[in-house]
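Following: one structure in structure tokens, then a few remarks.
Any read-out appearing in this document is the output of simple, stated calculations on the displayed coordinates, not a laboratory observation. In this text the structure is predicted, and so the values were computed from the model without any measurement. Cβ placement follows ideal geometry from the backbone for every residue including glycine, while neighbour counts extend to all protein chains displayed.
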Amino acid sequence: MMARPKYKTSTSGVCADCGALEPGWASVNRAILLCDECCSIHRSLGRHVSHIKSLHKGHWNPHLLAMVHTLHDNGANSIWEHSLLDPSNSKVNRKKPQPKDPLYPIKADFIRAKHQQLTFVLRQSKDESCSEEELSKQLHSSVRTANLETSLRLLVQGGNPNYFYKEKGTTPLHVAARAGQALQLELLIANGGNPNLIDANGHIPAEIARITGHLELAERLIECMYEVTDRLTYFLCSRKPDHRTTEHLIIPELTDTLERNELTNEARSRLQMLPNNLLEELTMDVYDEVDRRETEAVWLSSTTLPERSTAVPFLPVNPYLSSTRNQGRQKLARFTPQEFATLIVDILTEAARRHMQANCTPLQDPIIEALRKERPIKNCGSQTSDDEPLYDSVASDDDYMTLGVDNNNHLSEFNIDNEKTLVSTGKGISPIVQALKKQLNISEATIKNLNEEIRTFQQTIEQLTLENRQLKNAMEAYMKPKFPHSYDIVNGHASGEQESTPEPVSVADNKSSLPRGNQRPASMYETREGLKKTGPWTMSIVQAKRDDEISCRPNTTQNVWECQISRPSNDEVTRRTEQVTKRIQELWMAMQDPSHREVFVPCAERIRIAVTDLTAIFSQSSLDENIRTALRQLNGNTGRLQAECAGLQRCSNDTEHTDRCLQQVRSCAYDIAKATKLLVTHFQIS
């Protein structure tokens, strides 16, 4: 894409601050023209106060230039000098400087009072003052007309260019886009309007302009959406993406002429780890430095440069930012052209990477809002803190995820201090295509792995089904000839029924005198290994007669789980108790580092298995009430521990919430240890 043409402008009019003829500069957000001397003071104020642009050598969009000229010619300066022009105001004794007045202190003091302190703007009295919402609603109505002066006056008094009118479901930018008011849109965006905002129907202003047939205006709004990345790219390679062909990004690539040492690679890695808000702030500052360097180059090449004008060797102090950030902004001026180019390329690359992770949200989302100011004029001179900078915040931290993308970008060419440092390919969209292809390959590999796991699970299910069928057939083969009269109720269904899954097994008899507690059915929680350890089915099925006398004899009527009816040995209880204690200690050690919350659930599962092994050696029929109570406490606390560990793993990064979850896990672990000790104590006594 070719660079924008340099739109030459006439020098008609006079300087808005001193009245000098043929002004060569413009303040974009103030919509006034300036002479060289007054412009030097504006530059020292900073772009957050006055955005300076050369009328002769600056690259202007025709709509933006027309907006500045229209407002300047129709009395925009009277808004900034209202009290000076009001004959009824006797409180203002200051006079406007003349072209031949000295720059210091007369012109400099006047310009600072006028533009930095807003001394002469209209102040509403307490009786007639309008709220911000009322002013914003008036602005919402004004932008559908061609009256730019009214809109600027409302902005100065506190109207919000991004105000969302709930009843109408639109912002001033949507209204101006629908009405085709290109100059109103330029005024709103120059004073903090955000072209990315959506209306109640989910449309951005560019879509509204396209729907209503204002195609050229829609293209201009798309350019405004990508203003930051376009400006940084143009600074390096004098090219801008062609957004009409969906080429939204060109990332220049550094050549071997620039040194790539460990310090540079470490700095690039730290840039990738920056949270979104810090990356946004860095990009704001780099954008301001780009504007300062470009303006400085034009300023130094000016043939009418006054010798006594103010130099701006680094970014002016912004009183609404912290001192630390202001120091960092000023240090950007120390970067050599090559170092500064490297920083810009790294920022563009990181912006593209995070854009890819944000599922194709507008490409400039990580940084475009760097230039937006929620209350750009009203906040000048007010008590704005570091938490409320003059720029809008950019995209939310929840829009981006951390996922590595290798950007092998094809880039373009630029010259800095007559040294070629970048290589051009002209394919600005190729990094996005390559990243998409890589993500597609990763997704296909993931799908393949999941399909393999599904096949493995299916094979496991088939194997389990076969084992269950074999076990059921073995039971039928043994029980049918020996207990034909009771076979009909084995497994709770009539003989001949076929089931693919095992049911709890018990032996019932109408004449049996065994208490219900002695009937231990096969448990659905028992492992297959446990079934195999009990020996052949011929040794585990009930073998004796079903009367009271014979059932009391030793080695006669035995339960399916006869190996568990006998009293376990002290050594076995001690060994399994120590296993529970060991698993609790593992969980306790893991809790010393709450950041590794993913290990809590596996630890809880190991505790559950150890508790299951401990409780399995006790027969319910031979236990006293104290031991049964301890077993119930063990099982209940184990289940609660698993739930608490799962909740801790899912909890947010809120420190207070995490501490509460950790306390619940500690309580559960303590209760399990207490119940284990109680079980061992009562077992030794009984």
Cut-off under 5 Å, modelled amide H: who pairs with Glu253 long-range: Leu411, Ser412, Val423
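For every other residue with a beta carbon closer than 12 angstrom to the beta carbon of Ala200, add +1 if it is Lys or Arg and -1 if Asp or Glu, then tell me the sum. Can you show the working numbers first?
Details: positive: Lys166, Lys168; negative: Glu167, Asp199.
Result for the local shell: 0.
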Ranked highest first by the average count of other Cβ atoms within 10 Å around their residues, in what order do 347-355, 63-71 fall? 347-355, 63-71
So, in nm, how far is label Asp73 from label Arg606 when the simple model puts each one 7 Å beyond its Cα toward the Cβ? 8.1 nm
Given a Förster distance of 41 Å, the FRET efficiency implied by the Cβ-Cβ spacing of Asp654 and Leu440, rounded to the nearest 0.05, works out to 0.70
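Set the Förster radius R0 to 22 Å, insert the Cβ-Cβ distance between Gln585 and Asn626 as r into 1/(1 + (r/R0)^6), and round the FRET efficiency to 0.05.
For R0 = 22 Å, the calculated efficiency reads 0.25.
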Two-site label geometry, Leu21 and Asp593: point separation in nm, points 7 Å out along Cα→Cβ: 7.8 nm
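In which sequence would Arg30, Arg583 go, from the one with the fewest C-beta neighbours within 10 Å to the one with the most?
Values: Arg30 29, Arg583 21.
Going from least to most buried by this count: Arg583, Arg30.
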Using modelled amide H (1.01 Å from N, peptide plane; none on Pro or chain starts), what sits under 5 Å from the amide H of Leu315, excluding residues fewer than 5 places away? Ala333
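What's the local net charge at Gly75, with K and R +1, D and E -1, over the other residues with C-beta under 11 Å away?
-2
Can you sort Lys57, Lys107 by how many other beta carbons sit within 10 Å, fewest first?
Details: Lys57 16, Lys107 24.
The most exposed by this proxy come first: Lys57, Lys107.
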Tell me, what ³J(HN,Hα) does each residue in segment 200-212 have, in order and in whole Hz, if you take phi through Karplus 6.51 cos²θ - 1.76 cosθ + 1.60 with θ = phi - 60° and put x for Gly and Pro? 5, 9, x, 9, 8, x, 4, 5, 5, 4, 5, 4, 8
So what are the ³J(HN,Hα) numbers for segment 186-192, from phi and the Karplus equation (6.51, -1.76, 1.60; θ = phi - 60°), rounded to whole Hz, Gly and Pro as x? 4, 5, 5, 5, 5, 10, x
I'd like the chymotrypsin sites (Phe, Trp or Tyr not before Pro) in segment 189-295 restricted to DSSP loop residues with at most 13 other Cβ atoms within 10 Å, sorted by number. none
Inter-probe distance in nm under a simple model that places probes 7 Å from Cα toward Cβ, at Asn89 and Glu296: 3.6 nm
Whole-Å distance, taken between Cα centres, linking segment 326-349 and segment 152-202: 33 Å
So what are the ³J(HN,Hα) numbers for segment 242-250, from phi and the Karplus equation (6.51, -1.76, 1.60; θ = phi - 60°), rounded to whole Hz, Gly and Pro as x? 8, 5, 5, 9, 6, 8, 9, 8, 10
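Per 0.36 nm of contour for each residue apart, how much would the distance between Ile461 and Arg231 grow if the chain were fully extended, relative to their Cα-Cα spacing?
On the way: separation 230, 0.36 × 230 = 82.80 nm, distance 6.04 nm.
Between Ile461 and Arg231, full extension yields 76.8 nm more.
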Here, GluC sites (Glu not before Pro) of segment 53-151 satisfying both criteria (DSSP loop; at most 15 other Cβ within 10 Å) are Glu128
Say the cut-off is 24 Å between C-alpha atoms; which of Lys53/Lys107; Lys53/Lys137; Lys57/Lys240 go over it? Lys53/Lys137
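Order these by the 10 Å Cβ neighbour count, fewest first: Met475, Met273, Met284. Each step should come with its number before you reach the end.
Details: Met475 18, Met273 9, Met284 25.
Ascending Cβ contact count within 10 Å gives the list Met273, Met475, Met284.
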